[in-house]
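The values are calculated or read from the model by the stated rules, or taken from the named source; none is laboratory data. Source: prediction; values computed, not measured. Virtual Cβ from ideal backbone geometry, glycine too; neighbours counted across all protein chains shown. To get the accessible areas, we keep the full protein, side chains included, count just its heavy atoms, and leave off ligands, DNA and RNA. Shrake-Rupley method; radii C 1.70, N 1.55, O 1.52, S 1.80 Å.
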Amino acid sequence: MRLLLDTHILIWALGEPKRLPKDARNALESPLNEVMFSAASIWEIAIKAQLERTNFKVSPEEIARAALDSGFVELPVRFGHGAKVSSLPLHHRDPFDRILVAQAMTEPCHLLTADAILAKYSELVLVV
């Protein structure tokens, strides 16, 4: 199975894996699954770190390096992902979450998230 991590799940998987339910941790550790993180998540972390948000204290470079070192695969943002956003209903207004949903739908892959609102978009969105 192909799994795309939303930004919070990525941060938790790398720094606080106990925050994830056991089944989510097992899915991330399974050699049968391809675990991906989006370049958009690194961009979001960079912006929030610059704004000095308390929950984004790690540098985007450190997160990206840790993700790659963990065996996660970077998913670049492609024009098809950006174009897909225009067809999404406005269930959610956060542009980072919307691009992640678009990536999941375009690739296709399952998006792991803690945000239940995102499940309105597709059966590919899995709330953990």
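Please calculate how many Å² of accessible area the chain carries per residue, with a 1.4 Å probe and no DNA, RNA or ligand atoms counted. Walk me through the intermediate numbers first.
On the way: 7040 Å² over 128 residues.
I get 55 Å² per residue for the chain.
Using θ = phi - 60° and the Karplus relation 6.51 cos²θ - 1.76 cosθ + 1.60, list the HN-Hα couplings for segment 103-119 in order, rounded to whole Hz, with x at every Gly or Pro.
Taking θ as phi minus 60°, the curve returns 4, 4, 6, 7, 5, x, 7, 8, 9, 8, 8, 9, 9, 4, 4, 5, 5 Hz for segment 103-119.
Determine, from the Cβ-Cβ distance of Ser122 and Ile47 and an R0 of 25 Å, the FRET efficiency 1/(1 + (r/R0)^6), rounded to the nearest 0.05. Let's see the in-between values first.
Numbers: r = 25 Å, r/R0 = 1.01.
Once rounded, the FRET efficiency stands at 0.50.
Can you give the FRET efficiency to the nearest 0.05 for Val85 and Glu62, using r as the Cβ-Cβ distance and R₀ = 30 Å?
On the way: r = 28 Å, r/R0 = 0.93.
Once rounded, the FRET efficiency stands at 0.60.
Mind checking which lysines have their Cα closer than 19 Å to the Cα of Lys48? Skip sequence neighbours fewer than 8 apart in that chain.
In chain and number order, the partners are Lys57.
Calculate one ³J(HN,Hα) per residue across segment 31-37 by plugging θ = phi - 60° into the Karplus curve 6.51 cos²θ - 1.76 cosθ + 1.60, and present them in order as whole Hz with x for glycine and proline.
Coupling constants for segment 31-37: x, 7, 9, 9, 9, 10, 10 Hz.
Can you give the calculated 222 nm mean residue ellipticity of the chain, where each DSSP H run of n ≥ 4 adds -39,500 (n - 2.57) and the sum is split over every residue, rounded to the nearest 500 deg cm²/dmol? Can you show the working numbers first?
Details: 6 runs with 58 residues, N = 128.
Mean residue ellipticity at 222 nm (helix-derived): -13000 deg cm²/dmol.
If you take the beta carbon distance between Arg93 and Ser70 as r and set R0 to 30 Å, what does 1/(1 + (r/R0)^6) give as a FRET efficiency, to the nearest 0.05? Mind showing how you got there, number by number?
On the way: r = 31 Å, r/R0 = 1.02.
Using R0 = 30 Å, I get an efficiency of 0.45.
Just one of (1) 1.49; (2) 0.98; (3) 1.64 is Cα Rg over 2.2 N^0.38 Å calculated from these coordinates, so which is it?
(2)
Heavy atoms only, probe 1.4 Å: what % of the accessible area of the chain goes to carbon and sulfur, would you let me know? Write down the numbers at each step before the final one.
Values: 3970 of 7040 Å².
C and S fraction of accessible area: 56 percent.
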